[in-house]
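The values are calculated or read from the model by the stated rules, or taken from the named source; none is laboratory data. Bear in mind that the values here come from a model prediction, so they are computed numbers and not experimental data. As a convention, Cβ positions derive from the backbone with ideal geometry for all residues, glycine included, and neighbour counts pool all protein chains shown. Side chains included, ligands, DNA and RNA excluded: accessible areas come from the protein's heavy atoms. Shrake-Rupley method; radii C 1.70, N 1.55, O 1.52, S 1.80 Å.
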Amino acid sequence: AWYVPCLASLETLQELCRKENLRCKSIGITNKSLKSYEVEYLCDYKVEEGKAYYLVKWKGWPESSNTWEPRKHLNCPLLLQNFLRDKNEYLSRGREGKALKVRNHVKALKPAIADYIVKKAKQRIALQRWKEELNRKKNHKAMILVENTVDLEGPPIDFYYINEYKPAPGINVLNGITTGCECADCPAEKCCPKEAGFILAYNKRKKLKIQPGLPIYECNSYCRCGPDCPNRIVQKGTPYSLCIFRTSNGRGWGVKTLQKIKTNSFVMEYVGEVITSEEAERRGQLYDNQGNTYLFDLDYDSDEFTVDAARYGNVSHFVNHSCDPNLQVFNVFIDNLDLRLPRIALFSTRTIKAGEELTFDYQMKGSIDLTSDSAEGLSPSKKRIRTVCKCGAVCCRGYLN
């Protein structure tokens, strides 16, 4: 026998069970709960004979089961607060006139306002589910939040969260490590960076101390040192709680930090599908027509492979470009010493305040010398169609490419 994951949400399955009067203990529909009612969100408002009524969408029930309920029956202060805020938000944007309309002694919201309120409620639920999904899948302790106070856009379609590279068939991203350092207290003379011919990348405070363009060699799974080793930073994942938020100037989604980040601190990895450069060229042609791309060349040593974060990625998928960025890219080697396949880590270039958006330069200009061979290994794939830059920096170049 073989199985495929169900694409329907739990609420949808519950609605089907209730509609067909079926019990299913595994999804919470039992004899006791078959007729239970919980407010999922409020859809509309009216006043009849001096009494206020709200149209209620019941959780786990189809919309055909929505009912008008008097205010005194509702014990959902947060949902009432959301309803009022969404109504006022719509009116403040000048899309409609007055919220209440008198006709035959009945006061009611205009249909356009009620429609907006329902869309916002559905969006809020979808974003909450997406946030929960992201936090289930992540492999680090810090939280991921989601926020959209700008428009009605919901979670991205056809995007799958991953924590590490997803190699295409025939590509091995775990290759080349057979031994590790024997240090009891890293770093020692024979620690991993020195064995590779480079200096330790971090200082005693676990902050980056090397210049852009130089590689980072961290201790690996064969090393004698433990998880508290000062040379294990990137492999532990992001230590900061981050928020994926909707930008207000047409740049789509962005990422901001919820905590202060000090200079030269590791923030996140850039992950996605690892594909050949030939496949990247093919996909790039398609992405050009869409006006965006998430292709990042792994050309530290050669130009054989590319990371594509369009469908598979982590929080870095949503990090926007800036001509004056606060993040810098570094090549990292841990459990793979293949110079063609470095891991891509983003470190802070300065102190970043809580609430500030995180950005990096898609061309990697400004903080590194692009004329050097090592710097070429950090540049994203070149786009074929010029894209207008909306970063707003004083030094903005006008285009992303």
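Listed by position, the strands (runs of 3 or more DSSP E) inside the range 209-279 whose residues that are hydrophobic (A, V, I, L, M, F, W, C) and open to solvent by less than 60 Å² (accessible area, probe 1.4 Å) number at least 3 are 242-246, 266-270.
Kindly indicate whether residue 320 is closer than 19 Å to residue 253 by Cβ, out of contact with any His (no Cβ under 9 Å at 6 or more places or on another chain) and at pLDDT below 95. Yes: the conditions hold for residue 320. Scanning the range 315-343 for residues that are part of a helix (DSSP H, G or I) and of a type in the set (Ser, Thr, Tyr) turns up just one, 316. Tallying residues that are hydrophobic (A, V, I, L, M, F, W, C) and surrounded by 15 or more Cβ atoms within 10 Å (Cβ to Cβ) within the range 144-158 yields 3. On inspection, residue 34 qualifies as more than 23 Å from residue 72 (Cβ to Cβ), open to solvent by less than 40 Å² (accessible area, probe 1.4 Å) and not acidic (Asp, Glu). Report every pair of residues separated by at least 6 positions or lying on different chains whose Cβ atoms are under 9 Å apart, first residue within the range 1-15 and under 19 Å from residue 130 (Cβ atoms), second modelled with pLDDT of 65 or more and aliphatic (A, V, I, L, M). Once the first residue is under 19 Å from residue 130 (Cβ atoms) and sits in the range 1-15, its partners that are modelled with pLDDT of 65 or more and aliphatic (A, V, I, L, M) give 6/13; 8/16; 10/27; 11/125; 13/27; 13/29. Pairs meeting the criteria (first residue in the range 71-83 and open to solvent by less than 20 Å² (accessible area, probe 1.4 Å), second residue β-branched (Val, Ile, Thr), beta carbons under 6 Å, at least 6 apart or on different chains) are 76/39.
What tally of residues in the range 271-288 results from selecting those that are within 21 Å of residue 320 (Cβ to Cβ) and modelled with pLDDT under 90? Total satisfying the criteria: 3. The range 1-71 holds no strands (runs of 3 or more DSSP E) entirely within its bounds that carry 1 or more residues that are in contact with a strand residue (DSSP E or B) (Cβ under 8 Å, 6 or more places away or on another chain), modelled with pLDDT of 90 or more and not assigned by the TED database to the domain that holds residue 124. Which residue pairs have Cβ atoms closer than 9 Å, lie 6 or more positions apart in sequence or on different chains, and pair a first residue in the range 335-347 that is outside the structural domain of residue 179 (by the TED database) with a second residue that is crowded, with 23+ Cβ neighbours inside 10 Å? Matching pairs, first to second residue: none at all. Selection of the range 180-199 for residues being in a loop (DSSP other than H, G, I, E, B), under 14 Å from residue 334 (Cβ atoms) and not aromatic (Phe, Trp, Tyr) yields 180, 181, 186, 191, 196.
Scanning for something within 25 Å of residue 212 (Cα to Cα), outside any helix (DSSP H, G or I) and assigned by the TED database to the domain that holds residue 244, does the range 284-291 turn up at least one residue? No, the range 284-291 contains no residue that is within 25 Å of residue 212 (Cα to Cα), outside any helix (DSSP H, G or I) and assigned by the TED database to the domain that holds residue 244.
Would you confirm, using the coordinates I've provided, whether residue 283 is in contact (Cβ under 8 Å) with a residue 40 or more places away in the chain and out of contact with any His (no Cβ under 6 Å at 6 or more places or on another chain)? The answer is no for residue 283.
Entry remark, the range 111-153: residues being without any contact (Cβ under 8 Å) to a residue 12 or more places away in the chain and assigned to a strand (DSSP E or B) number 0 in total.
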